[in-house]
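Encoded as structure tokens, here's the structure I'll be asking about.
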Amino acid sequence: MQFIVNFLRGSVCFTVCGPFPERFLNLCAQNGVGFWGLVWLDTQTLELKVARRDARKVRALAEKVQCEARAKGRRGMPFFLAGFRHRYALLVGLALSLTAVCVLSQFILTVEVSGNETVPSAVILAELSRQGVRPGAYGPGLDLRRISQESLSRIEGLSWMSVNLHGTRAEVLVRERSLAPELRDETTPAHIVAAADGVLEDVEVLEGQALFQEGQAVLAGEVVISGVVDLKEPKYATVDAGQRLVHARGNVWASTYRTLEACIPLEAHTKVYTGEEETAWSLTLLGHTVNFFGKGSISTAGYDKMTTTHILTLPGGREMPLALVKTEYRAYETQPAAIQTAAAQALLEERLLERLEELIGEDGSVLSTSFSVREGDGLLTVTLKARCREQIGREVTFAGQVGEIIPGTQEG
């Protein structure tokens, strides 16, 4: 702390030489001249430091005891500023730099989001920008509590948000909402119907009444497990006990046969570059773009556009809202060309297999596949025929209340 005080008020280092240097020290103490850093160089020479305001007194006191005091060095803020006495441009530049640091430190330069996994950072940043938290915003003028509450109410999937300012950096901390477990609807009657044609391999009934057995064929839309369950009447009863409505549950595994088809034109348009190129440079600062070299905008029709962005990054990886953008435009013309049928066929086969995996789901399996290819009407068509094992049962609700009894008929 004392070092900082000495730097701000300035200090002078003196070398005092004479027959009675100890008497000089006594005079300094008697006249209130503080000194520090005393070093004896020999029996008649010493070195010490005093405050800038006491420099003149040191010379006068040294003369009284027949000693010579010579200034050896000067340090501190007053001497540093004195160097600018006749350099007005440097003095103005220093003043403007200090002012810029004091003023710009009040503005937000970067916004960082942490704590999110499923909610995209872009969604959070877009909402905060709408609320005023963006690069270039004046930090002390923002109501961070209100902004946090308003943004939290507008962004789905978040349960908590806090916006904190650390100098020029806005730190956004969020917590995502825990999703409630999906509840099954057990209050509405439902059937298990077949989602595709197939031959039943396994019918697992958890609730309801099976209408088909293993080995039987079913068509898409047919009820496999009914939500209308026949009630068993007591032995020798003469009255039909009726039926009860339930929410049917179960798994229906079947062997299915899928046929998928995809096509692609036999002729495609390829790009041929003409050699014409244009380059544009722009500067992005705090979200604002300034075009300073090249064309500001070129129609994208007939041009390939390639953009390279160089972002100013501080040591440590912190990105600043200043970027140099290079945009290159390359002119091209399109010409018709025949496609490579082997490559096109391989591409279509891959896409058909991906589509088949989506249809049968993660639990399904592909037992066998075969492809057929044909050309006609300017198209290459690939057909996939596959035999699969999949769970084809799907719940379909119908009117009524679970547990409702449908009366039977009197046998006469």
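Every number here is computed from the coordinates shown, using simple stated rules; none is lab data. All values reported here derive from a predicted model rather than from experimental measurement. Cβ coordinates were reconstructed from backbone atoms using ideal geometry, including for glycine residues, and neighbour counts include every protein chain displayed.
As I understand it, the dipole of the chain uses +1 on the Cβ of Lys and Arg and -1 on the Cβ of Asp and Glu, about the Cα centre. Which of 212, 92, 61 lies farthest toward its positive end?
Checking the options against the dipole of the chain, the answer is 61.
Over what distance in Å are the Cα centres of the stretch 147-186 and the stretch 299-349 separated?
Cα centres, the stretch 147-186 to the stretch 299-349: 35 Å.
Which value, in debye to the nearest 20, describes the size of the charge dipole of the stretch 267-338 about its Cα centre when Lys and Arg Cβ atoms bear +1, Asp and Glu Cβ atoms bear -1, and nothing else is charged? Walk me through the numbers on the way to the answer.
On the way: 6 positive and 8 negative charges, 63 e Å.
I would put it at about 300 debye.
For the chain, build the charge dipole from Cβ charges (+1 Lys, Arg; -1 Asp, Glu) around the Cα centre, then report which of 307, 190, 227 sits farthest towards its positive end.
The Cα lying farthest towards the positive end belongs to 307.
Which is farthest toward the positive dipole end of the stretch 110-176 among 148, 119, 167, measuring Cα position about the Cα centre, with Cβ charges +1 (Lys, Arg) and -1 (Asp, Glu)?
Of 148, 119, 167, it is 167.
As a check on your grasp of the helix formula, calculate [θ] at 222 nm for the chain: sum -39500 (n - 2.57) over DSSP H runs of n ≥ 4, divide by the residue count, round to the nearest 500.
It lands at -7000 deg cm²/dmol.
Want the number for residue 123 to residue 101: 0.36 nm per residue separation, take away the alpha-carbon distance, what's left? Don't jump to the answer; show the numbers that get you there.
On the way: separation 22, 0.36 × 22 = 7.92 nm, distance 3.15 nm.
Using 0.36 nm per residue and subtracting the Cα-Cα distance, I get 4.8 nm.
Only sites in a loop by DSSP and with at most 15 other Cβ atoms within 10 Å count here; which GluC sites (Glu not before Pro) in the stretch 142-204 make the cut? Please list the in-between numbers first.
Values: sites: 150, 156, 171, 176, 182, 186, 201, 204; in loops: 156, 182, 186.
Passing both the DSSP loop test and the Cβ count: 156, 182, 186.
Right, here's the next one. Mind listing which trypsin sites (Lys or Arg not before Pro) in the stretch 190-260 are in a DSSP loop and have 12 or fewer other Cβ atoms within 10 Å?
Values: sites: 232, 235, 244, 249, 258; in loops: 232, 235.
Taking the stretch 190-260 and a limit of 12 other Cβ atoms within 10 Å, the loop trypsin sites (Lys or Arg not before Pro) found are 232, 235.
Could you compute the net charge surrounding residue 16? Neighbours are other residues with a C-beta less than 15 Å from the C-beta of residue 16; K and R count +1, D and E count -1.
Numbers: positive: 23, 49, 56, 57, 59, 64, 70, 72; negative: 22, 42, 47, 54, 63, 68.
Combined, the nearby Lys, Arg, Asp and Glu give +2.
Oh, and also: About the Cα centre of the stretch 2-81, what is the dipole size in debye to 20, counting +1 per Lys and Arg Cβ and -1 per Asp and Glu Cβ, all else neutral?
Details: 13 positive and 6 negative charges, 85 e Å.
So the magnitude is around 400 debye.
Based on Cβ point charges of +1 for Lys and Arg and -1 for Asp and Glu, what charge dipole magnitude is obtained for the chain about its Cα centre, in debye rounded to the nearest 20? List each step's numbers first, then the result.
Working: 42 positive and 49 negative charges, 1060 e Å.
Approximately 5080 debye in magnitude.
Write out the chymotrypsin sites (Phe, Trp or Tyr not before Pro) in the stretch 79-172 meeting two conditions: DSSP loop, and at most 10 other Cβ atoms within 10 Å of their Cβ. Write down the numbers at each step before the final one.
Details: sites: 79, 80, 84, 88, 107, 138, 160; in loops: 84.
Sparse-neighbourhood loop chymotrypsin sites (Phe, Trp or Tyr not before Pro): none present.
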